[in-house]
Number of protein chains: 2
Amino acid sequence: MAAATPQPTSRTRSWWGWGWADAHPDDAQCAAMGALLPGTLSRPLPVPRVRDLGIGRPALEPPASLAGLVASDPADRAAHAMGKAYRDVVRALRGRPGRIPDLVARPADEQDVADLLHWAGDRQVAVVPYGGGSSVTGGVEYRGDAHRAVLSLDLTAMGRVLEVDAEGRAARIQAGTLGPSLEDQLRPHGLTLRHFPQSFEFSTLGGWLATRAGGHYATGRTHIDDFVQAMRVVTPAGTSASWRLPASGAGPSPDRLFLGSEGALGVITEAWVRLRERPRHKSSAAVAFADFHAALRAVRALAQSDLSPANCRLLDAGEAALSGAARDGCAVLVLGFESADEPVAARLERAVGLARSYGGRYEGTDGSGGAAAGAPDGGAAVSAWRSAFLRMPYLRDGLARMGAVAETFETAATWDRIPGLIDAVRTEVGAAALKATGHPATVNCRLTHVYPDGAAPYFTVLAAGRAGDEVALWDDLKAVAGEVLHRHRATITHHHAVGRDHRPGYDRQRPEPFALALRAAKGALDPRGILNPGVLVD
Amino acid sequence: MAAATPQPTSRTRSWWGWGWADAHPDDAQCAAMGALLPGTLSRPLPVPRVRDLGIGRPALEPPASLAGLVASDPADRAAHAMGKAYRDVVRALRGRPGRIPDLVARPADEQDVADLLHWAGDRQVAVVPYGGGSSVTGGVEYRGDAHRAVLSLDLTAMGRVLEVDAEGRAARIQAGTLGPSLEDQLRPHGLTLRHFPQSFEFSTLGGWLATRAGGHYATGRTHIDDFVQAMRVVTPAGTSASWRLPASGAGPSPDRLFLGSEGALGVITEAWVRLRERPRHKSSAAVAFADFHAALRAVRALAQSDLSPANCRLLDAGEAALSGAARDGCAVLVLGFESADEPVAARLERAVGLARSYGGRYEGTDGSGGAAAGAPDGGAAVSAWRSAFLRMPYLRDGLARMGAVAETFETAATWDRIPGLIDAVRTEVGAAALKATGHPATVNCRLTHVYPDGAAPYFTVLAAGRAGDEVALWDDLKAVAGEVLHRHRATITHHHAVGRDHRPGYDRQRPEPFALALRAAKGALDPRGILNPGVLVD
């Protein structure tokens, strides 16, 4: 089949902050947000400029045979220096970004990737695979000085849906395909991947696979892992190509070794992924809970039922207020059902009934009104949550410009640990922020994904900063959070990946024999240690 | 919690054939079965006796500190020499079993396992992990002569459910727990793993995990993999213990490396597994199809719907006749729904309606009668299939005693390949059997598991043998089958595992860079190469 023209856009990406440059809050909006947080700056830090970074010549030039794939202008290099974590944004605002890569390569096909790796291996050049650049864990930057030069390997020129198997509902898609383009190219076939992480606009299929991204579905198949039918991965030791199979029991899964390998074992170039028909039936509702712990029990019951809601996100009172879903101190459960196959209203009704049996107050279905006193109607609550969900990273950057701390982190744990874990994170991170800044901090929580055996809490921290020292302050708070997670045996990441920022927590969590196996695999596939150095293994 | 007494039994296991010794068909029954297959023997081969094997003294004695864990009597050693493939049964019948292990160890806990591995590593003793011994792919025997002695590591003394988390529906279970004992120990808690492979009575949790066993559910979460919350694995390089997590995105999954590792990377000692409430609602039905290809389309539509049948097994006409589900030349689709949560009758009704829209003829629901002319009613068809399913391995051994070839193999492929694959296996394996024996062979097919993107066909081959040369004959037929699978890019195994018998197909299917990584991991975890030598890597 002929593929559509991939990924056209006329808008400009911000080199230093989230998303589109034209979508950032302006100075006045930043100041207004800052005014809500005592202890922040009185005026926003200026938007940083690439020319102030004093970027010099690259340490190395590519050979003529690869020159056509490689850029070395300062703007491109600056835009590929870091991901989009709060600490990355602050480093840009403070004029102290991570190590600027020497070169940015944009391979057009798999052979280009292999050629670039071959050259990089010969010259001891570090290769940092780069999709949409939306890492919030330091996954796409270089730290250290063990390499002669740093090459950012930007896959977005490989952005096509190459084949569609309509009968088997699968497609072969290049790794550099950004979310919106991927869905645009599938739409004419009536199919959808339905993988909508918060970073959807600015992340790629390859990035999702390399980081085991969490997506649209709040229950069941929450991670991209389960949607992979086959993968191609270029390693310095050769190209790995697994077969298209609906399932297999032939040894440990090859794909599962590369899923989550974060560019350290190879460069994912394409995958066959499992698709769905576009849903024809959708229904959503909001349920308010005065008692957060009762809401947790309700969500557990939902996760253990056969109802399989596509959306089942529980916002605590602070998070509900922040997103505009509720302002009366209630927690809000956002429920959604969808199907291409059959009406979902009966499932929604059963789910709402179950939630009410735990003390939930039904706030009306999407668009149907039926508001209870003191809270917006369900439709408005659901919409408010959705729009805040997509807008949040921009607001975070605006707060960063005001010298505030504004960041998120996420985890997962079994149900027996969830209430204590959430309480401990709120208490201990809040106390640490107060102690460090002298101002009370906001620590909100929502459950983004729920399982029969546990849940994935997602925390938002809003606090006054420490002018000029925001990165160290955040690192301290994150270390406190990491300790709480470790004590509660909660994973260091449910879907944000390990990157470089989560290495200490990951190293403690990972079973040591598995670390031995992973190091050995790294040594076999990347014997010169050029692939995303510092990620997963040293 | 206190665990129940594990795995009591008063029946005797067959050392040479499937299951219970007292459940084998007698000589007259064998002869009656053989009479249905032209070219077989006129009387059954005698039941083999251990004393005829001339088993000598073990090559090595264990040290005094481990002697209490280790047996070396001929009966125990013979019973641990092989798995239960057709070729294993024939080797026993012909008095040429695989290499008899020198010792059989039964560790009582994880420390015993570590101690045994330590001793074996020092003495260059091969260790073959052994659960229920039901491997049908040569997974639990030793081949070659590179080791000083062979130790069969029988885990069945570790057969307890150690902890139950009722709130989070999970349990910590020792790897040597056999299927029935596992369910017996969970029953008082109202919970069930619902993992019912055909080998259920004679296989263990550890075996299921090591081989990525396929289980009860015909759709959705078909493999044991998805039910694993955490695992403990003893390797010569240390013990791997993953955290109990409902989900995680922290690097490649440690558990997924050990799932399917078939004892080559470590010895699985226990796992936390995800459970379900025992179903309160069940409903099943049979639908007959005159046209097998129309039935395939119906099954694909069911797999792509939101209906999630627990059972969705399509028997072709030959398989339906063999199991007694139908005798009119029709294919039969056995459908089943179950839930602890809500009635399932409406889902069954929709599924049957969908099947009818592809030309299916509704045969009545389980127990409700409603038979159509020319076929048994649905309830009888479903029961016939279930009882034949469990009885089949015994009948296979009876046929083996008649010198017949009676064996199965299974695979999985995407839907676009399914019709051609099934036709090619039938034609080419049938032709090879005819050529080799001079008698027409039966090659039946059923789909055991179905997916939105493909299906798992399971083939039964019944043919005259070649007296005294049955193993070579079967190996030839299996090689023909392997070529067909490879040509159709169908996996060498969907859930029977690789073992030693599937190595050639596995080696061709496995991506070479993954093989490099796996060999490196093996070298790191088992540097002396004592663990199940010859499995997965050399």
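The values are calculated or read from the model by the stated rules, or taken from the named source; none is laboratory data. For clarity, every value in this text was computed on a predicted model and none was experimentally measured. Ideal geometry is used to build each Cβ from the backbone, glycine not excepted, and the neighbour counts take in all protein chains shown.
Numbers at a glance
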{"item": "Output for the range A:272-312, where each listed residue is surrounded by fewer than 24 Cβ atoms within 10 Å (Cβ to Cβ), more than 12 Å from every other protein chain (Cβ to nearest Cβ) and within 23 Å of the chain's Cα centre (by Cα)", "result": "A:311"}
{"item": "Criterion (within 25 Å of residue A:175 (Cβ to Cβ), small (Gly, Ala, Ser) and part of a strand (DSSP E or B)) met by exactly one of A:78, A:126", "result": "A:126"}
{"item": "Failed item in (1) touching a Leu at 6+ places or on another chain (Cβ under 8 Å); (2) within 30 Å of residue B:209 (Cβ to Cβ); (3) outside the structural domain of residue A:463 (by TED's automatic domain parsing), with residue A:270 passing the rest", "result": "(2)"}
{"item": "The one condition in (1) polar (S, T, N, Q); (2) within 7 Å of chain B (Cβ to nearest Cβ); (3) within 30 Å of residue B:508 (Cα to Cα) that residue A:269 fails to fulfil", "result": "(2)"}
{"item": "Residue selected from the range A:21-64 under the condition without any contact (Cβ under 8 Å) to a residue 12 or more places away in the chain and not in a loop (DSSP other than H, G, I, E, B), by the criterion farthest from residue A:462 (Cα to Cα)", "result": "A:64"}
{"item": "The range A:161-171: number of residues that are away from chain B (no Cβ under 14 Å) and more than 20 Å from residue A:213 (Cα to Cα)", "result": "1"}
{"item": "Answer residue from the range B:207-238, given it is at the interface with another protein chain (Cβ under 7 Å from one of its Cβ atoms) and touching a residue at least 40 places away in the same chain (Cβ under 8 Å) and is nearest to residue B:116 (Cα to Cα) among those", "result": "B:235"}
{"item": "Matching entry among A:172, A:160, A:221, A:232 (being touching a Phe, Trp or Tyr at 6+ places or on another chain (Cβ under 6 Å) and either surrounded by fewer than 24 Cβ atoms within 10 Å (Cβ to Cβ) or under 20 Å from residue B:222 (Cα atoms) (or both))", "result": "A:172"}
{"item": "Candidates A:367, A:359, filtered to the one that is assigned to a loop (DSSP other than H, G, I, E, B), at pLDDT below 90 and not aliphatic (A, V, I, L, M)", "result": "A:367"}
{"item": "Residues of the range A:459-484 that turn out to be over 19 Å from residue A:399 (Cα atoms) and either within 14 Å of chain B (Cβ to nearest Cβ) or not β-branched (Val, Ile, Thr) (or both), as a count", "result": "4"}
{"item": "Every residue from the range B:211-226 that is within 23 Å of residue B:157 (Cα to Cα) and touching a strand residue (DSSP E or B) at 6+ places or on another chain (Cβ under 6 Å)", "result": "B:212"}
{"item": "Test result for residue A:454, within 11 Å of chain B (Cβ to nearest Cβ), surrounded by 24 or more Cβ atoms within 10 Å (Cβ to Cβ) and out of contact with any Cys (no Cβ under 7 Å at 6 or more places or on another chain)", "result": "yes"}
{"item": "Answer residue from the range A:497-517, given it is within 7 Å of another protein chain (Cβ to nearest Cβ) and of a type in the set (A, V, I, L, M, F, W, C) and is surrounded by the fewest Cβ atoms within 10 Å (Cβ to Cβ) among those", "result": "A:516"}
{"item": "Number of positions in the range A:422-437 that are crowded, with 24+ Cβ neighbours inside 10 Å and within 22 Å of the chain's Cα centre (by Cα)", "result": "1"}
{"item": "Where residue A:231 falls short, out of the listed (1) of a type outside the set (Asp, Glu); (2) touching a Lys or Arg at 6+ places or on another chain (Cβ under 8 Å); (3) under 19 Å from residue A:186 (Cβ atoms); (4) modelled with pLDDT of 95 or more", "result": "(2)"}
{"item": "Subset of the range B:190-218 [surrounded by 22 or more Cβ atoms within 10 Å (Cβ to Cβ) and at positive phi]", "result": "B:212"}
{"item": "Filter result for the condition that a residue is modelled with pLDDT of 90 or more and not in a loop (DSSP other than H, G, I, E, B), over A:391, A:350, A:386", "result": "A:350"}
{"item": "Residue that is buried (at least 24 other Cβ atoms within 10 Å of the Cβ), within 20 Å of the chain's Cα centre (by Cα), assigned by TED's automatic domain parsing to the domain that holds residue B:363 and within 30 Å of residue B:500 (Cβ to Cβ), where the choices are B:262, B:319", "result": "B:319"}
{"item": "Any hit, the range B:100-121, residues being buried (at least 20 other Cβ atoms within 10 Å of the Cβ), in a helix (DSSP H, G or I) and among the charged types (D, E, K, R)", "result": "yes"}
{"item": "Some residue of the range B:172-189 being touching a strand residue (DSSP E or B) at 6+ places or on another chain (Cβ under 9 Å), assigned to a loop (DSSP other than H, G, I, E, B) and within 13 Å of chain A (Cβ to nearest Cβ)", "result": "no"}
{"item": "Verdict on residue A:422 being among the β-branched types (Val, Ile, Thr) and either assigned to a strand (DSSP E or B) or closer than 30 Å to residue B:258 by Cα (or both)", "result": "no"}
